[in-house]
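A.B. asks: The structure's right below; bear with me while I get my questions together.
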Amino acid sequence: MQPVRTISFPDRQLLADLTPLPEGLRGVVWDMKSDPENATLGEIDGVILPYINAGAVLGSLAQVDELKFVQTQSTGYDGVIEAAGPAAGVANASGVHAAATAELAVGLILAKLRGIDQAVRDQQYGLWRPERRQSLADRRVLLVGVGGIGHEIARRLEPFEVTVTRVGSTARTDKHGEVHASADLAALAATHDILVTVLPLNEHTHYLIGEEVLAALPDGALVVNVGRGPVVDTAALTKEVLSGRLQCALDVVDPEPLPQDHPLWSAPNALITPHVGGNTSAFEPRILKLLRHQLVALAAGQTPANLVQKGPF
């Protein structure tokens, strides 16, 4: 294939951080909201999407007539393939966010089980209210999602003396052991104390964690979502949480953000963070490392990493 020759960067800082570019590759700044700087849309054949709120500007990809390649800065690529069209290669940032998101997943579990969220609320009023809380030790964790982030969550849970059951799309055995099928989720949920989902969003995972799975969880179980909001049925989860039967700790929600009057905000059994799983100090060095690798490949006409749609590669 012909190498990518002109690639757009969502802001000047990212372009500066990656300059000098590989020989033969030209970089231009395009925030996908206005015209590109010092270039026309007709010159662009590769696009690096912004990290924050990329979904809001995906429609601009249709303006690039000769689009060959799109790079996300997120692991998720909801709507990107559709917006890029079948002729373009699409790559995600798999691996960049794995460690940070896994950290948050474990942090959310510990905070909710040990009542740290309640202690923070009590601190505002000078309240000293010790009580016996759940420990992570000896819990049974149902981990739904066995990709890079799922693997990092499992690794970080090992020292906590838990039992981890992994669930993927199909039943199989990999180098780390048994993977159960998502079709068995409801049956598995009945014997687990914590359900963690880190699934991408697609037609098979939409509302996968719905009424049936949630109802099967034991009383007091904790639901953690650090993947994509619509994987969990918000209405069904809200009903269970407001009843006091289940707890939840969510970094992603549906819709996102939740409306200010949504009852989950004030539910004592709910802990919510604003989709910050990958947004840490680890992000910048890791995304720059990935992008440098991708730019070298593109300039040489080689296949970039992390392709989720092959396109011309």
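A.B. asks: Using only the heavy atoms of the protein chains and a 1.4 Å probe, how would Lys112, Lys175, Lys289 rank by accessible area, largest first?
C.D. replies: Sorted descending by solvent-accessible area, the residues read Lys175, Lys289, Lys112.
A.B. asks: Show me, for the range 78-85, the HN-Hα J-couplings you get by feeding each phi into the Karplus relation (A = 6.51, B = -1.76, C = 1.60, θ = phi - 60°), rounded to Hz, glycine and proline as x.
C.D. replies: 4, x, 6, 4, 5, 6, 6, x
A.B. asks: If you fit an axis through the alpha-carbon atoms of helix 283-299 and take the longest principal axis of the Cα set of the chain, what angle between them do you get, 0 to 90°, nearest 10?
C.D. replies: Between the helix axis and the principal axis of the chain, the angle is about 30 degrees.
A.B. asks: How far is helix 148-157 tilted, in degrees, relative to the longest principal axis of the Cα atoms in the chain, given as a value from 0 to 90 rounded to the nearest 10?
C.D. replies: So the helix axis and the longest Cα principal axis differ by about 30 degrees.
A.B. asks: Per residue and in Å³, how big is the convex hull formed by the alpha-carbon atoms of the range 50-148?
C.D. replies: Taking only Cα atoms, the range 50-148 has a hull volume of 133 Å³ per residue.
A.B. asks: According to a simple spin-label model (label point 7 Å from Cα along Cα-to-Cβ), what is the distance in nm between Arg121 and Arg12?
C.D. replies: 4.6
A.B. asks: Right, something else. At a 1.4 Å probe radius, carbon and sulfur cover how many percent of the accessible area of the range 97-272?
C.D. replies: It is 52 percent, rounded to a whole number.
A.B. asks: Follow-up question, since we're still on this one. So for the pair Gln260, Gln63, with labels modelled 7 Å out along Cα→Cβ, what separation do we get in nm?
C.D. replies: Using points 7 Å along Cα→Cβ, the separation is 3.2 nm.
A.B. asks: Got a sec to turn the phi values of the range 105-117 into Karplus ³J(HN,Hα) couplings, 6.51 cos²θ - 1.76 cosθ + 1.60 with θ = phi - 60°, whole Hz, x for Gly and Pro?
C.D. replies: Working through the residues one at a time gives 4, 5, x, 5, 4, 5, 4, 6, 5, 8, x, 5, 4 Hz.
A.B. asks: I've got another one for you. If R₀ is 41 angstrom, what is the calculated FRET efficiency for the pair Ala137 and Gln302, using the beta carbon separation as r and rounding to 0.05?
C.D. replies: E between Ala137 and Gln302, to the nearest 0.05, is 0.30.
A.B. asks: If amide hydrogens are placed 1.01 Å from N in the peptide plane, which non-local residues have theirs closer than 5 Å to the one on Gln73?
C.D. replies: Leu49
A.B. asks: Given a 1.4 Å probe and the protein chains all in place, what does the accessible area of Tyr51 round to, in Å² to the nearest 10?
C.D. replies: 60
A.B. asks: Moving to a separate point now. Just for the Cα atoms in the range 97-272, what are the lengths along the principal axes, largest first, rounded to whole Å?
C.D. replies: 51, 34, 30
A.B. asks: How large is the charge dipole for the range 238-297, taken about the Cα centre, if only the Cβ atoms of Lys, Arg (+1) and Asp, Glu (-1) carry charge, to the nearest 20 debye?
C.D. replies: Magnitude of the dipole: close to 300 debye.
A.B. asks: Output ³J(HN,Hα) for the range 95-103: one whole-Hz value per residue in order, computed from phi by the Karplus curve 6.51 cos²θ - 1.76 cosθ + 1.60 with θ = phi - 60°, and x for Gly and Pro.
C.D. replies: For the range 95-103, the Karplus curve yields x, 5, 9, 4, 5, 5, 5, 5, 4 Hz.
A.B. asks: So who's got an amide H within less than 5 Å of the one on Thr303, skipping anything under 5 residues away but keeping other chains? H placed 1.01 Å off N, in plane.
C.D. replies: Residues meeting the amide H criterion: none.
A.B. asks: Roughly speaking, what % of Cα-Cα pairs in the chain are separated by over 37 Å, rounded to a whole number?
C.D. replies: 24
A.B. asks: Same structure, new question: For the chain, what does the relative contact order come out to in percent, with C-alpha contacts under 8 Å and a separation of six or more?
C.D. replies: 19
A.B. asks: Name the residues of the range 118-157 whose amide N is less than 16 Å from a point 7 angstrom out from the Cα of Asp184 along the C-beta direction?
C.D. replies: Output list for this probe position: 141-146.
A.B. asks: Still on this structure, I have one more. Residue farthest toward the positive end of the dipole of the chain, with Cβ of Lys/Arg at +1 and Asp/Glu at -1: which of Ala39, Gly85, Ala105?
C.D. replies: Projecting each Cα onto the dipole axis, the largest value belongs to Ala105.
A.B. asks: If you place +1 on the Cβ of every Lys and Arg and -1 on the Cβ of every Asp and Glu, how big does the dipole about the Cα centre of the range 97-272 come out, in debye to the nearest 20?
C.D. replies: For the range 97-272, the charge dipole is close to 440 debye.
A.B. asks: At 1.4 Å probe radius, can you tell me the per residue accessible area of the chain in Å²?
C.D. replies: 49
A.B. asks: Working out 0.36 nm times the residue gap between Ala235 and Thr170, then minus their Cα-Cα distance, what length gain in nm do you get to one decimal?
C.D. replies: 20.7 nm
A.B. asks: With +1 assigned to the C-beta of every Lys and Arg and -1 to the C-beta of every Asp and Glu, and no other charges, what is the dipole magnitude of the chain about the Cα centre in debye, to the nearest 20?
C.D. replies: Charge dipole, the chain, about its Cα centre: 760 debye, nearest 20.
A.B. asks: Can you give the calculated 222 nm mean residue ellipticity of the chain, where each DSSP H run of n ≥ 4 adds -39,500 (n - 2.57) and the sum is split over every residue, rounded to the nearest 500 deg cm²/dmol?
C.D. replies: -7500 deg cm²/dmol
A.B. asks: Calculate, in nm to one decimal, what Thr280 and Leu41 gain on full extension: separation in residues at 0.36 nm each, minus their alpha carbon distance.
C.D. replies: Here the segment from Thr280 to Leu41 would lengthen by 82.8 nm.
A.B. asks: Rank Ile81, Ile109 by accessible area, highest first, at a 1.4 Å probe radius?
C.D. replies: From most exposed to least exposed: Ile81, Ile109.
A.B. asks: If you don't mind, another one. Which residue, Leu242, Val223, Trp128, has the largest displacement toward the positive end of the dipole of the range 97-272 when charges sit on each Cβ (Lys, Arg +1; Asp, Glu -1)?
C.D. replies: Most positive-ward Cα: Trp128.
A.B. asks: Let me ask something else. Taking amide H positions as placed 1.01 Å from N in the peptide plane, with prolines and chain starts having none, which residues 5 or more places from Arg5, or on another chain, fall under 5 Å of its amide H?
C.D. replies: So Arg5 has HN proximity to Asp45.
The values are calculated or read from the model by the stated rules, or taken from the named source; none is laboratory data. What you see is a predicted model, and the numbers here were worked out from it, not measured in a lab. As a convention, Cβ positions derive from the backbone with ideal geometry for all residues, glycine included, and neighbour counts pool all protein chains shown. Surface areas here come from the heavy atoms of the whole protein model, side chains and all, with no ligands, DNA or RNA. Shrake-Rupley method; radii C 1.70, N 1.55, O 1.52, S 1.80 Å.
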